[in-house]
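The values are calculated or read from the model by the stated rules, or taken from the named source; none is laboratory data. Note that the structure is predicted; figures quoted are calculated from it, not measured. Backbone-built Cβ (ideal geometry, glycine too); neighbour counts: all protein chains shown. For the accessible areas, the whole protein counts, side chains as well, though only heavy atoms, and no ligand, DNA or RNA atoms are used. Shrake-Rupley method; radii C 1.70, N 1.55, O 1.52, S 1.80 Å.
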Amino acid sequence: LTPMSGLYRLLPALALATTFALAARFLYQRYSIHATKVGEEQEDDEEEMSTIDGVKICSPGAWPPRFATEPERLVTIATWNTLRRHYAFRGHSWVPSKHRDWKHRQDALHKEMSKFSADFLCLQEAELRDLDKDFVEPLSISGYKHVTADPKGGHDHTKPVIFYNSSRFELLWCKPKSRAVVAHFKEITSDNSLIIASCHLQGGQQAPTRYTQGRSILKAIDHRMRSLDPGSPRARSASSSRSPGRKRGKRDSSSRDDSSSNNEESSQAIGHVSRPKESETTPPRPACIICGDFNAYRDDPSIRLFKAGRFSKKDWIIDDGEPPRRIDFSAPMVGGLADAYSVMDLKGEEGTRPYTFQWGAMMTENKVHRMIIDYILHTPPPPPPSPSSPPPDSKGASSSV
C-alpha cells in the first residue's frame with residue numbers, strides 16, 4: 001500500500017474496529033455458552049428429583065438423593081451384576097478389547113460404586129477366588145464388611161455377595177445358599193432391622209429352576225422371621241413352610257452358621273436375637289428386601305411368587321414350561337413383596353422404566369435387545385390408618401422400604 005491509495009491512513013482504524021468486533025463476538029459466544037449451561041443445569045436440577053404418584057425418582061447422576069428431613073432414616077441399597085473377572089465375551093463382537101480387560105472394568109466399577117454411598121451393595125458374579133483383591137480390599141477402606149453365598153458345590157466360581165456399611169449396621173444372621181446369600185442386619189443405633197437377599201437365579205429357558213430357587217430364598221427368610229417371633233399368628237399358621245419334623249423350641253436349622261470364614265460374625269451374634277424373655281420387648285419385625293439378577297421377565301413364575309408370597313398349582317401356566325415336582329408354597333411371615341420400580345410402569349409409558357440388560361450395540365451389525373431382568377423387591381409400605389383403626393401392632397414391620 002502507498003500513501004496515495006488513501007487506505008494507508010485507514011489501517012489503524014480498521015484494525016481497531018476488527019479488534020472490537022472480534023471481542024464482541026467472543027463475549028457473545030461466551031455468554032451464549034454460559035446461558036446454555038445455566039439453562040441445562042436448571043433443567044438438570046428439575047430432572048434430578050421427579051415425583052410419580054407420590055414416589056420420588058432420583059436420576060442416576062444425582063444419586064444419592066437429598067431430602068430436607070430425616071436423612072438418617074434413609075437406607076440405600078444397590079444391586080449390580082458386575083460380570084465376572086474371567087468372563088470370555090464370546091459373541092460380544094461390539095465390545096472393544098480394552099473394555100474387556102478386567103483392570104479397566106474393575107476401575108470403572110469402583111468409580112461408580114463410590115458414587116452410590118450405599119448402605120448395602122449387593123453384587124452378583126463376584127469370583128470368590130479373587131474376591132479379596134477385586135472387591136474386599138478396596139471396599140473395606142470405606143468401612144464395608146461382607147457375606148457371601150455358599151462357596152461349596154459345582155457352581156463355585158461366581159457367587160452373590162452382600163457388602164454392608166459396618167459403621168451403621170451389624171450382622172445378626174446369615175444363610176448362604178448356592179444362588180443367593182440371605183442375611184439379617186440390625187441398625188446399630190436402633191432396634192430396626194432388615195433381611196436382605198442378594199440372588200442370581202438361573203438364566204435361559206429355566207423357569208422351573210428359577211421358581212425352585214426363589215422358593216428356597218423365601219423359605220429361608222420365612223424361617224428366620226418365625227424364629228424371631230414364634231408366638232405370632234402368622235408363625236403358627238406357617239405349617240406349609242415349616243421343615244418336616246421340626247419341633248417347637250428347637251433352634252431353626254437355617255440359623256446355623258454353615259457359611260465360609262467370612263461369615264463367622266453371624267455365629268457370634270445369633271444368640272443376641274433369639275426369642276426374648278417375658279420381661280423383654282419383642283423387637284419390630286424386620287423389613288425384607290430381595291434383589292439381584294433374576295434372569296427373568298416380570299411374568300416369570302419366580303417374580304409372581306415373590307410378589308404374591310405364595311404359589312399353587314393353578315398359578316402355573318403352560319408358558320412357564322414343565323412345572324417342578326413341588327409347586328404349592330406359602331411364606332406367610334414374608335408376605336407379598338412390592339417392586340421398587342413398579343411406579344415407573346404406570347400409565348403404560350414405554351421407556352419410563354430403565355432397562356437393566358442390553359445385548360448388542362447401536363451402529364453395529366448386532367441388533368440391540370434391551371430387557372428388564374434385575375429387580376429390587378421389598379416389604380410394601382403399610383396402608384394409611386383409618387381414623388377409627390387401632391394403633392399399629394408393635395410387632396409390625398420396622399419400616400417400609
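Of these, Glu47, Glu112, which one is modelled with pLDDT under 95 and more than 25 Å from Ile196 (Cβ to Cβ)?
Details: Glu112 fails: more than 25 Å from Ile196 (Cβ to Cβ).
That would be Glu47, the only listed residue that is modelled with pLDDT under 95 and more than 25 Å from Ile196 (Cβ to Cβ).
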Residue among Ile196, Ile221 that is part of a helix (DSSP H, G or I) and either of a type outside the set (Gly, Ala, Ser) or modelled with pLDDT under 95 (or both): Ile221
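If you go through segment 85-127, how many residues are among the charged types (D, E, K, R) and under 21 Å from Ile376 (Cα atoms)? Reasoning before the result, please.
Going through segment 85-127, the residues among the charged types (D, E, K, R) turn out to be 85, 90, 98, 100-101, 103, 105, 107, 111-112, 115, 119, 125, 127.
Now restrict to residues that are under 21 Å from Ile376 (Cα atoms): 112, 115, 119, 125.
Selection size over segment 85-127: 4.
Condition check ((1) closer than 14 Å to Cys288 by Cα; (2) surrounded by fewer than 24 Cβ atoms within 10 Å (Cβ to Cβ); (3) within 18 Å of the chain's Cα centre (by Cα)) across all residues:
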{"position": "Pro138", "(1), (2), (3)": "no, yes, no"}
{"position": "Ala149", "(1), (2), (3)": "no, no, yes"}
{"position": "His157", "(1), (2), (3)": "no, yes, no"}
{"position": "Pro160", "(1), (2), (3)": "no, no, yes"}
{"position": "His184", "(1), (2), (3)": "yes, no, yes"}
{"position": "Thr189", "(1), (2), (3)": "no, yes, no"}
{"position": "His200", "(1), (2), (3)": "no, no, yes"}
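If you check Leu194, Leu109, Leu131, which single one turns out to be of a type in the set (A, V, I, L, M, F, W, C), in contact (Cβ under 8 Å) with a residue 60 or more places away in the chain and out of contact with any Leu (no Cβ under 7 Å at 6 or more places or on another chain)?
Numbers: Leu109 fails: in contact (Cβ under 8 Å) with a residue 60 or more places away in the chain; Leu131 fails: in contact (Cβ under 8 Å) with a residue 60 or more places away in the chain.
From the options Leu194, Leu109, Leu131, the qualifying one is Leu194.
Look at Glu170 and say whether it is within 15 Å of Leu83 (Cβ to Cβ) and surrounded by fewer than 21 Cβ atoms within 10 Å (Cβ to Cβ). Steps first, answer last, please.
On the way: within 15 Å of Leu83 (Cβ to Cβ): no; surrounded by fewer than 21 Cβ atoms within 10 Å (Cβ to Cβ): yes.
Considered against the rule, which asks whether it is within 15 Å of Leu83 (Cβ to Cβ) and surrounded by fewer than 21 Cβ atoms within 10 Å (Cβ to Cβ), Glu170 comes out as no.
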Answer residue from segment 381-401, given it is small (Gly, Ala, Ser) and open to solvent by 40 Å² or more (accessible area, probe 1.4 Å) and is modelled with the highest pLDDT among those: Ser386
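Which fully enclosed strands (runs of 3 or more DSSP E) of segment 144-184 have 3 or more residues being on the phi < 0 side of the Ramachandran plot and charged (D, E, K, R)?
Numbers: elements: 144-148, 158-165, 169-176.
Where strands (runs of 3 or more DSSP E) fall fully within segment 144-184, none carries at least 3 residues being on the phi < 0 side of the Ramachandran plot and charged (D, E, K, R).
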Of all residues in segment 353-380 being within 19 Å of Thr51 (Cα to Cα) and without any contact (Cβ under 8 Å) to a residue 24 or more places away in the chain, the one that is most open to solvent (accessible area, probe 1.4 Å): Pro354
Residues located in segment 152-203, provided they are over 24 Å from Thr356 (Cβ atoms) and among the small types (Gly, Ala, Ser): Gly153, Gly154, Ser166, Ser167, Ser190, Ser193
Tally of residues being assigned to a loop (DSSP other than H, G, I, E, B) and among the aliphatic types (A, V, I, L, M) across segment 303-362: 9
Subset of segment 75-94 [over 20 Å from Asp132 (Cβ atoms), of a type outside the set (Gly, Ala, Ser), in contact (Cβ under 8 Å) with a residue 60 or more places away in the chain and part of a loop (DSSP other than H, G, I, E, B)]: Val75, Trp94
